[in-house]
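Participant: Quick one: structure below, then a few questions.
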Amino acid sequence: MLGDGFVSLIGISNSLTFKDKLDPRVRSSLSEEEIIFNPYTIIQLKEILNDRSKLAFNEGSIGQAAINLCAAVAGKENGDARKAIDLLRVAAEIAERERADMVTENHIREAQEKIEKDTNYEVIKNSTTHTKLIVLSVMKSQTGMTGDVYDIYASLCKQIEHDALTQRRVTQIISELDQLGLITSNVVSHGRYGRSQIIKMAVSSDTVSKALKDDNFLSILL
């Protein structure tokens, strides 16, 4: 206690298992109270977007149907109000470029597609060289089988004079890319011949090429 006051510590984390990683001695001295903030519902997002749109848009320049769709898209994905507002902003920019009188549901759909493309582009562009090589290997593979992807990856490494990672490490990176939604990985059964993992790109080849074209090492491999 300092004088007549008390010191309080507020910690905010997106990880529900954050406390489990703390030292037991730290946890025992916290005496904490835990508050969980649930994701916004579609109805709550709609109210937030309605309030923001009154401040950002001229009267009659956005329809309620567009706001409803924007709230529904964000609510189904993660309930993140910031992403819902960002989606509405991008839709408004698209409508402005088109010189449209009103932001419509089509603008919301176009904005959603643009945001998804931009996110994939940024993730790939800012990845490590080996991660980019693995993405390129998946894109170039005809079969999508793990062995084929690794062979292509090793060949690409040789072309740019890089030491290839082990197949185990490449498999780990493929799993990480799967979690990011950049690729899809499915196990296919071949009956008595066993099973194999089939890897495919989940983003367009144009997005991959665009993200890699400015890389001095990898642009020659496209």
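The values are calculated or read from the model by the stated rules, or taken from the named source; none is laboratory data. Everything numeric here is computed off the predicted structure, so don't read it as measured data. With ideal geometry, Cβ positions are generated from the backbone for all residues, glycine too; neighbour counts draw on all protein chains shown.
Participant: Would you mind stating whether LEU45 is in contact (Cβ under 8 Å) with a residue 12 or more places away in the chain and closer than 16 Å to ALA84 by Cα?
Facilitator: Yes, satisfied.
Participant: Restricting to segment 44-70, count the residues that are β-branched (Val, Ile, Thr) and on the phi > 0 side of the Ramachandran plot. Spell out how you get there, then give the answer.
Facilitator: At the first step, the residues of segment 44-70 found to be β-branched (Val, Ile, Thr) are 48, 62, 67.
Add one more test, that the residue is on the phi > 0 side of the Ramachandran plot, and what stays is none.
Adding up the residues that qualify gives 0.
Participant: Further question: Quick check on this structure: which one of VAL170, VAL187, VAL203, VAL208 is touching a helix residue (DSSP H, G or I) at 6+ places or on another chain (Cβ under 8 Å) and over 16 Å from LYS125 (Cα atoms)? Outline the logic, then answer.
Facilitator: Values: VAL187 fails: touching a helix residue (DSSP H, G or I) at 6+ places or on another chain (Cβ under 8 Å); VAL203 fails: over 16 Å from LYS125 (Cα atoms); VAL208 fails: over 16 Å from LYS125 (Cα atoms).
Every option except VAL170 fails the conditions.
Participant: If I ask for residues that are of a type in the set (Asp, Glu) and closer than 17 Å to GLN197 by Cβ, which ones from segment 147-168 would you list?
Facilitator: Of all residues in segment 147-168, those of a type in the set (Asp, Glu) come to 148, 151, 161, 163.
Of everything in segment 147-168, those that are of a type in the set (Asp, Glu) and closer than 17 Å to GLN197 by Cβ turn out to be ASP148, ASP151.
Participant: Go through (1) at pLDDT below 95; (2) of a type outside the set (Lys, Arg); (3) outside the structural domain of SER196 (by TED's automatic domain parsing) one by one and return the number of the condition HIS107 breaks.
Facilitator: So the condition that HIS107 fails would be (1).
Participant: Here is a follow-up. Could you look through segment 174-212, keep only residues that are assigned to a strand (DSSP E or B), surrounded by 15 or more Cβ atoms within 10 Å (Cβ to Cβ) and of a type outside the set (Val, Ile, Thr), and pick out the one that is nearest to the chain's Cα centre (by Cα)?
Facilitator: Among those residues, the one meeting the criterion is MET201.
Conditions tested, residue by residue: (1) touching a Gly at 6+ places or on another chain (Cβ under 9 Å); (2) exposed (fewer than 13 other Cβ atoms within 10 Å of the Cβ); (3) among the charged types (D, E, K, R); (4) more than 30 Å from VAL203 (Cα to Cα).
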{"position": "SER28", "(1), (2), (3), (4)": "no, yes, no, yes"}
{"position": "SER53", "(1), (2), (3), (4)": "no, no, no, yes"}
{"position": "ALA81", "(1), (2), (3), (4)": "no, no, no, no"}
{"position": "VAL103", "(1), (2), (3), (4)": "yes, no, no, no"}
{"position": "GLN112", "(1), (2), (3), (4)": "no, no, no, no"}
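Participant: Now, a different point. Applying the selection to segment 135-165, what residues are in contact with a strand residue (DSSP E or B) (Cβ under 9 Å, 6 or more places away or on another chain) and among the β-branched types (Val, Ile, Thr)?
Facilitator: VAL135, VAL138, THR143, THR146, VAL149
Participant: Could you list, ordered by first residue, the pairs with Cβ atoms under 8 Å in which the first is in segment 160-176 and not assigned by TED's automatic domain parsing to the domain that holds ILE134 and the second is basic (Lys, Arg), at least 6 apart or interchain?
Facilitator: Final answer for the pair search is none.
Participant: Given ILE94, ILE10, ILE67, which one is aliphatic (A, V, I, L, M), without any contact (Cβ under 8 Å) to a residue 24 or more places away in the chain and out of contact with any helix residue (DSSP H, G or I) (no Cβ under 8 Å at 6 or more places or on another chain)?
Facilitator: Details: ILE94 fails: out of contact with any helix residue (DSSP H, G or I) (no Cβ under 8 Å at 6 or more places or on another chain); ILE67 fails: out of contact with any helix residue (DSSP H, G or I) (no Cβ under 8 Å at 6 or more places or on another chain).
Unique residue meeting the criteria: ILE10.
Participant: Now for a different question. Do the conditions hold for ASP206, that is, is it at pLDDT below 90, outside the structural domain of GLU77 (by TED's automatic domain parsing) and closer than 30 Å to GLU93 by Cβ? Before you say what the answer is, go through the steps one by one.
Facilitator: Working: at pLDDT below 90: no; outside the structural domain of GLU77 (by TED's automatic domain parsing): yes; closer than 30 Å to GLU93 by Cβ: yes.
Criteria not met by ASP206.
Participant: Are any residues in segment 104-142 farther than 28 Å from GLU93 by Cα and β-branched (Val, Ile, Thr), and if so, which ones? Before the answer, list the steps.
Facilitator: Looking only at segment 104-142, we keep the residues that are farther than 28 Å from GLU93 by Cα, and these are 127-142.
Listed by number, the residues that qualify are THR128, THR129, THR131, ILE134, VAL135, VAL138.
Participant: If you check ASP163 against the conditions, is it exposed (fewer than 12 other Cβ atoms within 10 Å of the Cβ) and assigned to a loop (DSSP other than H, G, I, E, B)? Even if it seems obvious, please write down each step before you answer.
Facilitator: On the way: exposed (fewer than 12 other Cβ atoms within 10 Å of the Cβ): yes; assigned to a loop (DSSP other than H, G, I, E, B): yes.
When the stated conditions are applied, ASP163 passes them.
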